[in-house]
Amino acid sequence: MNIGVEFRNVSKRYGQGDSAPLAVNAISFVIERGTLATILGPSGCGKTTTLRMMAGLESPSGGQIFLDGREVTTLGPADRNVSMMFQSYALFPHMNVLQNVMYGLKMTGVPADVAKTRAAQALKNVGLVGYDLRLPSELSGGQQQRVALARALVLEPAVLLFDEPLSNLDARLRREMREEIRGLQQRLGLTVAYVTHDQSEALAVSDQIIVMDQGRIAQSGTPQQLYQYPVNEFVASFMGEAMLFPATVDGAGMVSLGVLRFQARQSLSAGPVKVAVRPEAWQIGPTDAAVVGRLFKSAYLGAHYEYSFDTDLGPIFVISPDLSQRLALGCEVGLRLACHGVSVVPVT
């Protein structure tokens, strides 16, 4: 395996002594060279601290960090060959686009003519040809994002780090920029560590997702593995807005959820379990042999309807792609489970 980033039992305490709170608690993971790994989790889970330790902006309290096969645990940011792209872009307002992109090269002693050529190529890579002389104030938010990306790329880092890079953009620009980042990463073979709290963003751009919870790694794997086979209630509920329902499983792996029965996809011990059901997994139909739901809320979102039902299992939230007819408030329907979007996890 070509290793781009490796953490070995890395911890971070803020404060002195063993009683100081752990922001990151003995985590280990590997990011393969040339892949994009997303560190995902809610606010305060330790994901940004983890990224800052990769960059050398924070020193670990314990463990070892390797970048591109070289231990960098005690090295400062300038000695790590990494570039970090911040949420705020941090562009110099008095410098034009070309000067902003050249800045890091000039600081490392690259001759001006070489720096200018490399900066122009970086701007070409992000689709900003002809913008060299504009000031940041003359650019849209998306264009400023591209300048910040070009400035990070021009240094040709071994590892490129992103800290919530799209949170300041509107929905359409977020989609465009995540496609841009993913396309550049794949085209240039970059090793990228990407921090976000947005599950859909993580699913869209990642080769690997590392889900963190309270300073620990809850689960790591491909987007498909985390979405389809979460290992615990936290991952199941965090990935894809799943609702959790108490259920039981027998010795043959048959799960009973109210009147519904289905075969678990993984090996489970007989007894109580939780079933994580995502909104798109519910199918609406006749009430026989189904969970009966009474509609109490609905919303039209263009591509689908969102429905909320009262049932014996509790409130159920459903996303329906059927736009042919809107259900009437108060109507009763049967709810069944599709083959996708349903996971079974142990009770914790």
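The values are calculated or read from the model by the stated rules, or taken from the named source; none is laboratory data. Not measured: the values here are computed from a predicted model. Cβ coordinates were reconstructed from backbone atoms using ideal geometry, including for glycine residues, and neighbour counts include every protein chain displayed.
General remarks:
- So T73, is it modelled with pLDDT of 90 or more, out of contact with any helix residue (DSSP H, G or I) (no Cβ under 7 Å at 6 or more places or on another chain), under 23 Å from T196 (Cβ atoms) and not hydrophobic (A, V, I, L, M, F, W, C): no
- Hits in segment 329-348 (condition: at pLDDT below 95 and not in a strand (DSSP E or B)): A338, C339, H340, G341, V347, T348
- Selection of strands (runs of 3 or more DSSP E) fully inside segment 169-261 by the criterion of at least 2 residues being among the polar types (S, T, N, Q) returns 216-221.
- L149 satisfies every condition listed in (1) surrounded by fewer than 21 Cβ atoms within 10 Å (Cβ to Cβ); (2) at pLDDT below 90; (3) closer than 24 Å to V195 by Cβ except (1).
- Qualifying position, being of a type in the set (D, E, K, R), more than 25 Å from A218 (Cβ to Cβ), more than 32 Å from the chain's Cα centre (by Cα) and not assigned by TED's automatic domain parsing to the domain that holds H197, among D250, D310: D250
- Qualifying residue in segment 45-65 (condition: farther than 21 Å from D163 by Cα and of a type in the set (D, E)): no
- Q224 surrounded by fewer than 21 Cβ atoms within 10 Å (Cβ to Cβ), in the same structural domain as L169 (by TED's automatic domain parsing) and not basic (K, R): yes
- Of residues in segment 99-118 being under 24 Å from E164 (Cα atoms) and hydrophobic (A, V, I, L, M, F, W, C), the one farthest from the chain's Cα centre (by Cα): M102
- Those residues of segment 70-127 which are β-branched (V, I, T), within 21 Å of I3 (Cα to Cα) and assigned to a loop (DSSP other than H, G, I, E, B), in sequence order: V72, T73, T74
- Test: residue in segment 288-308 that is small (G, A, S), farther than 17 Å from G240 by Cα, buried (at least 16 other Cβ atoms within 10 Å of the Cβ) and in contact with a Lys or Arg (Cβ under 8 Å, 6 or more places away or on another chain): yes
- Of the residues making up segment 100-117, not a single one is assigned by TED's automatic domain parsing to the domain that holds T222 and either in contact with a Pro (Cβ under 6 Å, 6 or more places away or on another chain) or in contact (Cβ under 8 Å) with a residue 60 or more places away in the chain (or both).
- Number of the exception - E58 against (1) among the acidic types (D, E); (2) in contact with a helix residue (DSSP H, G or I) (Cβ under 9 Å, 6 or more places away or on another chain); (3) under 30 Å from Q224 (Cα atoms): (3)
Each row is one residue, and each column tells you yes or no for (1) under 32 Å from the mean Cα position of the chain (by Cα); (2) under 24 Å from Y227 (Cβ atoms); (3) in a loop (DSSP other than H, G, I, E, B).
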site: K274; (1), (2), (3): yes, yes, no
site: F296; (1), (2), (3): no, no, no
site: G314; (1), (2), (3): yes, yes, yes
site: L327; (1), (2), (3): no, no, yes
